[in-house]
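The structure appears right after this line, and notes come after that.
The values are calculated or read from the model by the stated rules, or taken from the named source; none is laboratory data. Nothing here was measured: the structure is a model prediction, and the numbers come from that model. Note that each Cβ is placed from the backbone with ideal geometry, even for glycine, and that neighbours are counted across all protein chains shown. Please note that ligands, DNA and RNA were not included when accessible areas were found on the heavy atoms of the full protein model with its side chains. Shrake-Rupley method; radii C 1.70, N 1.55, O 1.52, S 1.80 Å.
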Amino acid sequence: MSQSHAKAAPIGAARHPEKAHRPDNEVKRKPSWIRVKAPTSKTYFETRQLMRDHKLVTVCEEAACPNIGECWSKKHATMMILGSVCTRACAFCNVATGRPDKLDPHEPDEVAEAVAKLGLRHVVITSVDRDDLDDGGAGHFAQVIRKIRVMSPETTIEVLTPDFMRKDGALEIVIDARPDVFNHNLETVPRLYPGIRPGARYFHSLKILDRAKELDPTIFTKSGLMVGLGESKEEIYQVMDDMRSADVDFITLGQYLQPTPKHAVIDRFATPDEFEAYKKTAYGKGFLMVASSPLTRSSYHADEDFARMRAERDRRLAGERGMVRANLSLTDLAQMAVSTSE
């Protein structure tokens with residue numbers, strides 16, 4: 001390609017060829033509560049170098065996460081496995097799309113070694129969609145989980161998986177590897193799926209979450225929504241109800257940020273007060289854990305949130321056991337009273 005032609009190419013054409021023909025959408029200026037500082041800490045650069053040394057891909061970079069500076073400065077990184085090229089073309093996502101990479105057989109070992117070197121208490125493993133693979137990449141997820149268990153047995157593991165559409169048995173492979181948290185994001189409300197998440201189906205994704213809990217009731221399940229794509233508050237509340245019907249434990253809500261002019265336009269920026277209201281409503285609906293703020297992402301503060309979620313489940317279970325004991329005691333007293341009267 002000539003230099004002059006390269007300059008004329010649409011923004012992101014190489015990374016998102018399927019979006020190149022679309023008209024540009026204005027990228028709106030971010031409000032003050034969204035802006036973050038550029039990373040400068042020594043630990044940030046050490047984390048970045050570790051990713052390079054192990055030839056690892058992170059969703060932090062690929063998805064242009066606004067929290068990368070904060071997270072990497074704490075040695076928190078979300079590993080993205082199965083390559084760096086996705087087979088889907090979601091309108092919100094900055095991950096490259098096209099012909100996917102070949103699977104790297106050494107990746108599970110490299111991820112496990114990086115987790116050990118970072119000394120992570122909790123790690124999030126996500127991936128691109130791999131519709132080209134018979135199992136959607138489920139076997140690779142399972143290998144990564146098991147390798148981390150060997151090298152870092154104290155580390156808790158969270159997986160953020162694709163929807164495994166038309167991949168019979170794939171979910172079972174992942175759950176059988178026993179991650180501590182199974183996460184699959186619904187992303188948006190069902191009405192917006194055709195334009196925002198055209199390769200997915202809302203009720204299939206909901207069923208994945210329901211089935212994961214059915215396969216292993218002890219596993220924590222998690223899902224997330226973006227705000228600012230044109231949804232209404234009532235639609236968000238309905239999705240919360242749908243998640244609870246699938247026994248989802250943890251919901252995340254964050255502001256959608258438009259990666260390039262070719263991506264879906266931002267409908268509006270929700271205020272911090274709105275996110276706080278969503279949080280209160282979600283807790284009222286029974287979620288164990290809620291993360292809701294403009295900068296919330298699936299893996300943002302995932303380690304601290306996991307600890308809180310586990311503690312909350314333990315607290316509720318202890319309360320339920322106490323109620324059972326109390327009920328038994330009342331029953332015993334009633335029987336004693338009947339015996340005495342006789």
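Pairwise alpha-carbon distances in segment 96-142 exceed 18 Å for 38% of all pairs.
Under the criterion of Cα pairs below 8 Å and six or more residues apart, the relative contact order for segment 271-321 equals 33 percent. Annotation for segment 72-165: GluC sites (Glu not before Pro) lying in DSSP loop with at most 13 further Cβ atoms inside 10 Å of their Cβ are Glu154. The calculated FRET efficiency for Lys207 paired with Asp314, based on their beta-carbon distance and R0 = 25 Å, is about 0.35. Summing charges over neighbours of Asp247, with a neighbour being any other residue whose Cβ is under 10 Å away from its Cβ, gives -1 when K and R count +1 and D and E count -1. Look at the Cα gyration tensor of segment 279-318: its axes a ≥ b ≥ c give a/c of at least 1.5 with a/b at or below b/c, and that counts as oblate. For Thr260, nonlocal amide neighbours, meaning residues 5 or more places apart or on other chains whose placed amide H falls under 5 Å from its own, do not occur. The slack between His21 and Val324, meaning 0.36 nm per residue of separation minus the straight C-alpha distance, is 102.8 nm. For Leu253, the amide hydrogen comes within under 5 Å of the amide hydrogens of Leu225, Ala291, Ser292, Ser293, counting only partners 5 or more places away or on other chains and with H modelled in the peptide plane.
Magnitude of the charge dipole for segment 210-311, about its Cα centre and with charges confined to Cβ atoms of Lys, Arg (+1) and Asp, Glu (-1), is about 180 debye. Could you tally the net charge around Asp314, taking each other residue with its Cβ under 13 Å from the Cβ of Asp314, Lys/Arg +1 and Asp/Glu -1? Result for the neighbourhood of Asp314: +3.
State the Cα centre-to-centre distance between segment 185-214 and segment 246-277 in whole Å. The two parts, judged by their Cα centres, are 16 Å apart.
When Lys167, Lys279 are compared by accessible area of protein heavy atoms, the largest-first order is Lys279, Lys167, using a 1.4 Å probe. Computed from backbone phi with θ = phi - 60° and the Karplus coefficients 6.51, -1.76 and 1.60, the 3J(HN,Hα) list for segment 243-248 is 4, 5, 5, 8, 6, 6 Hz; x is used for glycine and proline.
Shown in residue order for segment 271-276 are the 3J(HN,Hα) couplings computed by the Karplus curve 6.51 cos²θ - 1.76 cosθ + 1.60 at θ = phi - 60°: 7, x, 5, 5, 5, 5 Hz (x for Gly and Pro). Under the rule a/c < 1.5 gives rounded, and otherwise a/b versus b/c splits prolate from oblate, where does segment 126-256 land using the Cα gyration tensor? Judged from the Cα gyration tensor, segment 126-256 comes out prolate (a/c at least 1.5, a/b above b/c). Phi-derived couplings, Karplus 6.51 cos²θ - 1.76 cosθ + 1.60 at θ = phi - 60°, listed residue by residue for segment 107-115: 4, x, 5, 5, 5, 4, 5, 5, 4 Hz, with x used for Gly and Pro. In this structure Val290 has an accessible area near 10 Å², from a 1.4 Å probe over the protein heavy atoms.
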